[in-house]
Structures are given as structure tokens and as C-alpha cells.
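Peer 1: The structure is given below, and queries will be raised subsequently.
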Amino acid sequence: PRGAARGDDGAVRLAGVDVRDLAEEFGTPLFVVDEDDFRSRCRDHATAFGAAHRVHYAAKAFLSVEIARWVADEGLSLDVCSGGELAVALRADFPPERITLHGNNKSTAELAEALDAGVGHIVVDSFFEIARLDKLARDRGLRAPVLIRVTVGVEAHTHEFIATAHEDQKFGFSLAGGAAAEAARRVLASGGLALVGLHSHIGSQIFDADGFEVAAHRVIGLLAELHAEHGAEALAELTTVDLGGGLGIAYTAQDDPPPPAWLAEQLRTVVAKESEQAGLPVPEIAVEPGRAIVGPGTVTLYEVGTTKDVALGGGGGRRYVSVDGGMSDNIRTALYDALYDTRLVSRSAAEGERDGGSVLSRVVGKHCESGDVVVRDCWLPDNLAPGDLLAVAATGAYCYSMASNYNRLPRPAVVAVRDGRARLLLRRETTDDLLRLEMT
Ligand code: LLP
């Protein structure tokens, strides 16, 4: 987080709050969100794209009522992809006209809730859904603004992208087979839907612009086809090209992600160039960052419970450091081989290393399987001991939001820190919470 600092006493402070006090007051594992970091990343994105374009925070990365309030305060829009995420946003009084509903299989109830709440946009993803939403809107005497999710045949991950053959997936209407053009025909012919945009999302944790450029090229190619078929007047409301989320963040010192201003510049340039070449008015750009806003500013605090040294071939060894959470609060290492960085934060590193330097360590959780790894490889002080606190960095995105009760572990608490003060956003689950659904 931008507000992290290690004091002379060796203790780490987040936004001026000593992590040892946080562990003492709220227990561990604990997610600690640096509020100013979150807000400043919202503002970085808003400034980078400017008032002519729209930045939506992707709630799936992490949402709570208070987070939704920060997003609203900072003037961003919000993407939700389920009735549950919508309910959290509405509980926060998030302005419904700034909410977009996503998903490849929204239920009739979710679509109806979204219409009744007055959400600003719905991204349609199948022919069945177009018919379903059209009926729900007509029943209510509405014309619901929709974007068509387009499968552009690009899939991007981290440092590479592949621009062929990714039609084979569950999301969107494919360009190649003409499904996207047919979706537009049906929306335009409907009485209950207004076609206001085209949408594409190519992947996540992306560090370069190539994939976005190919996606923009193809989406604007579709826009041109639609203009040729239907004429400008029929498409007067179709003014938005939404290029989805995906900007990457630094998980370790090796990662060097580009700033949002760079991405904004690339997208503005390619969208302007492509639309001018096609003889179209330049559309408004929308983006949907999740990870790049919430990821970097959160750490997870864990308490060390045990350590164990295991001999490896060739005379080397590995230390297993067991902490009090694991794959139930961060499944990303087990699921995606994600890399994380961790530090001893309850003592100074110098004190930590006084007796014997650092040792190659693996931070593991307390779950009943050997894949329960939080940090695969890291160097931690040799004299690490039970009771020490570790902070794992950049855990704001897709950790709490993908948390589970595996092995009946209660979900951790989430606190926000700002100006030397801590505030509980989500309390820790209790054993009673775990038993709450039992019917006998
Ligand atoms: N928009 C759409 C339509 C999306 O599907 C996603 C992410 C986003 C925006 C936000 O993407 P972001 O800016 O956060 O990369 N669980 C995985 C990531 C799954 C992303 C799913 N969709 C992980 O932990 O890496």
C-alpha cells in the first residue's frame, strides 16, 4: 500500500496504524485495506480517462458496503455481476444509474431486480437473455439500455496475448460467426431494449496494450458493419465502446505494471484512430478495472503458528511456515500459481535476522491439503517464531471475494486504515455464523 512504512522500532505501520495493534484488536488472519490507496487509485483512473470516458470499478475483485461508498464518492461507476453484488451496492445507496450488470447467466430474478433498481446498463450475453430482458422491460414499460458482449477472439494474460481461436468460451457473442451482428439486430428490433454500447473483456493481469488494441480494432470493425447495415440514425444511441478490465498490478518486486494513464492514452489513441479510419464518430470509452484499484492497497496479516524444516536433496532445505489462514482466504496461489511477497512485520528485519540470516521458506495455511500454499518461495528470518506476524502484500483483489469456509474456517475480518485510525468494515465470522444454516 502507498501508506505502508517501517518505523525505527522495526514495526510496520499502515496509514499510520501499527500492524501489531491491528492484530491485537481485530485478530488474524486480517485483511487491512488502505483507504487512501484505494481512493487515490480510483482518482488516478478517473483522471487518466477524463470526463469524456467512464471508469467502472469491477465489484467482483472485492466489494463491501463501505467500498461501494468510496467508489461512489470518487465518482466512478460500478460493475456488478450478480444479485448479491447488486444488493451490496444498493445497501450502500450507490447511484443505480451508475451501475452496470454483467454475467453470462443472469437469472430472471436478477434481471428484474436490476430493472426495478434502475441500473444504468445491462450487458447482454446470449440470445435467450435478449428475449428475457426485452420481455421484463416491456412488462415494466421500460426501454433498458444494453451493451452487447462481443467475443473478439483475443485472450490476454499477464505478458502475452493470443489473437486467434479464443472463440471457444462461454462469454459473449462471437464476431466470426456473425452472432454479434445478429444480437444487434434483435436488440434493435426489440421494443424493450436500447442498444447503447459494445463490450469486450479480454483477460486479467495484463501488462501491455496489444490485446486491447486488437480488441478495439475488432469491436470498431463491428460498429462499422452495424452502421453499414442499419444506418447512423438507427444507431444514434450506440455511443459506448467498453473494453473491460484487466490492467495488471505488481505482486512482487519483479512486476512492473504500466500506470492507468498509459493504458488510457493507448486506448484513446487506438479507438480514435480506428473509428476515424472507419468514418465513424469517436465513441466514448468505458473500462472496468477491479484488480488495479483494490489489489495493491490491501495486505493480509497472519500469525505464525509453527515452523518445520524439511531437508531437500543436495544438502538444501526448506522451511514450512504455517499461518492461521490459507487457501480459504487466498486461493490464488493454489488456483493460479500466483506469486506473492511477504514480510515479517512484528519485529524489524534486522532483529529477525540477528541469529542466523534468512532461510528459504514456504508460507502455508492450516487446511487439510498439501496444495494449501500462500507464498510459494520467500526468504524469511531464520529465527521466525510462533506469534510472529507476517504481512502478505497486494491481497486486495480476488482474495476475500473468493474466500470460502473450507474446513469450516470462519472468514477473516476486513479493516480499513486511514490517518492513524482503523475501522472494521466486515467483522470476522464466528462459529455461530458457521452453524447458522444448519436446519437440525
Ligand atoms: N470486467 C469483466 C467483464 C470481467 O470479467 C472482469 C474480471 C473485470 C472487468 C475485472 O478485471 P480486472 O481489472 O480485475 O482484471 N479470479 C481471477 C481474476 C478473474 C477475473 C474475472 N473477470 C484472479 O484472481 O486473478
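The values are calculated or read from the model by the stated rules, or taken from the named source; none is laboratory data. Since the structure is predicted, the reported quantities are computational estimates derived from the model, not experimental observations. Virtual Cβ from ideal backbone geometry, glycine too; neighbours counted across all protein chains shown.
Peer 1: List the pairs whose first member sits in the stretch 38-52 and is over 12 Å from Ala264 (Cα atoms), whose second member is modelled with pLDDT under 95 and loosely packed, with under 15 Cβ neighbours inside 10 Å, and whose Cβ atoms are under 7 Å apart, counting only residues at least 6 apart or on separate chains?
Peer 2: From the stretch 38-52, the pairs are Ser40/Arg2.
Peer 1: Collect the residues in the stretch 356-411 that are of a type in the set (Phe, Trp, Tyr) and within 16 Å of the ligand (Cβ to nearest atom), keeping them in residue-number order.
Peer 2: The answer is Tyr398, Tyr400.
Peer 1: Out of the stretch 304-341, which residues are of a type in the set (Gly, Ala, Ser), in a loop (DSSP other than H, G, I, E, B) and closer than 24 Å to Val33 by Cβ?
Peer 2: Listed by number, the residues that qualify are Gly325, Gly326, Ser328, Ala338.
Let's see how each residue does on (1) within 12 Å of the ligand (Cβ to nearest atom); (2) under 25 Å from Leu198 (Cα atoms); (3) over 17 Å from the mean Cα position of the chain (by Cα); (4) assigned to a strand (DSSP E or B):
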| site | (1), (2), (3), (4) |
| --- | --- |
| Tyr57 | yes, yes, no, yes |
| Lys60 | yes, yes, no, no |
| Ile67 | no, no, no, no |
| Trp70 | no, no, no, no |
| Gly75 | no, yes, yes, no |
| Ala89 | no, yes, no, no |
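Peer 1: Say whether the condition of being modelled with pLDDT under 95 and either buried (at least 18 other Cβ atoms within 10 Å of the Cβ) or in contact with a helix residue (DSSP H, G or I) (Cβ under 6 Å, 6 or more places away or on another chain) (or both) is met by at least one residue in the stretch 307-326.
Peer 2: Among the residues of the stretch 307-326, not one is modelled with pLDDT under 95 and either buried (at least 18 other Cβ atoms within 10 Å of the Cβ) or in contact with a helix residue (DSSP H, G or I) (Cβ under 6 Å, 6 or more places away or on another chain) (or both), which makes the answer no.
Peer 1: Every residue in the stretch 186-197 that is of a type in the set (Ser, Thr, Tyr) and within 16 Å of the ligand (Cβ to nearest atom), please.
Peer 2: Answer for the stretch 186-197, where residues must be of a type in the set (Ser, Thr, Tyr) and within 16 Å of the ligand (Cβ to nearest atom): there is none.
Peer 1: Among the candidates Leu301, Leu263, single out the residue that is on the phi < 0 side of the Ramachandran plot, within 14 Å of the ligand (Cβ to nearest atom), touching a residue at least 40 places away in the same chain (Cβ under 8 Å) and not in a loop (DSSP other than H, G, I, E, B).
Peer 2: Going through Leu301, Leu263 in turn, the sole match is Leu263.
Peer 1: Okay, next question. Taking into account only those residues within the stretch 132-167 that are small (Gly, Ala, Ser) and loosely packed, with under 15 Cβ neighbours inside 10 Å, which is nearest to Ile220 (Cα to Cα)? Walk me through it before giving the result.
Peer 2: Initial filter on the stretch 132-167 (small (Gly, Ala, Ser)): 137, 141, 144, 153, 156, 163, 165.
Now restrict to residues that are loosely packed, with under 15 Cβ neighbours inside 10 Å: 141, 165.
Values: Gly141: 31, Ala165: 19 Å.
The qualifying residue nearest to Ile220 (Cα to Cα) is Ala165.
Peer 1: While we're here: Could you tell me which residue of the stretch 173-182 is surrounded by the fewest Cβ atoms within 10 Å (Cβ to Cβ), considering only residues that are more than 16 Å from the ligand (Cβ to nearest atom) and closer than 14 Å to Phe128 by Cα?
Peer 2: Glu182
Peer 1: Looking only at residues in the stretch 198-211 that are on the phi < 0 side of the Ramachandran plot and out of contact with any helix residue (DSSP H, G or I) (no Cβ under 6 Å at 6 or more places or on another chain), which one is farthest from the ligand (Cβ to nearest atom)?
Peer 2: Residue satisfying both the conditions and the ranking: Asp210.
Peer 1: While we're on this one: Can you tell me which residue within the stretch 216-260, out of those that are away from the ligand (no atom under 16 Å from the Cβ), among the small types (Gly, Ala, Ser) and in contact with a helix residue (DSSP H, G or I) (Cβ under 9 Å, 6 or more places away or on another chain), is nearest to Val287 (Cα to Cα)?
Peer 2: Result: Gly221.
Peer 1: Quick one: count up the residues across the stretch 141-172 that are modelled with pLDDT of 75 or more, more than 14 Å from the ligand (Cβ to nearest atom) and farther than 19 Å from Arg186 by Cα.
Peer 2: Of the residues in that region, 3 qualify.
Peer 1: Looking at the stretch 243-258, can you tell me whether even one residue there is over 22 Å from the mean Cα position of the chain (by Cα) and surrounded by 20 or more Cβ atoms within 10 Å (Cβ to Cβ)?
Peer 2: No, the stretch 243-258 contains no residue that is over 22 Å from the mean Cα position of the chain (by Cα) and surrounded by 20 or more Cβ atoms within 10 Å (Cβ to Cβ).
Peer 1: Quick one: is Leu22 within 14 Å of the ligand (Cβ to nearest atom) and either touching a helix residue (DSSP H, G or I) at 6+ places or on another chain (Cβ under 8 Å) or touching a residue at least 40 places away in the same chain (Cβ under 8 Å) (or both)?
Peer 2: So Leu22 does not fit the description; no.
Peer 1: While we're here: From Ala5, Ala11, Ala46, grab the single residue that is of a type in the set (A, V, I, L, M) and modelled with pLDDT of 95 or more. Walk me through it before giving the result.
Peer 2: Details: Ala5 fails: modelled with pLDDT of 95 or more; Ala11 fails: modelled with pLDDT of 95 or more.
Just one listed residue meets the conditions, Ala46.
Peer 1: OK, next. Restricting to the stretch 91-100, count the residues that are under 11 Å from Ala114 (Cα atoms) and more than 16 Å from the ligand (Cβ to nearest atom).
Peer 2: 2
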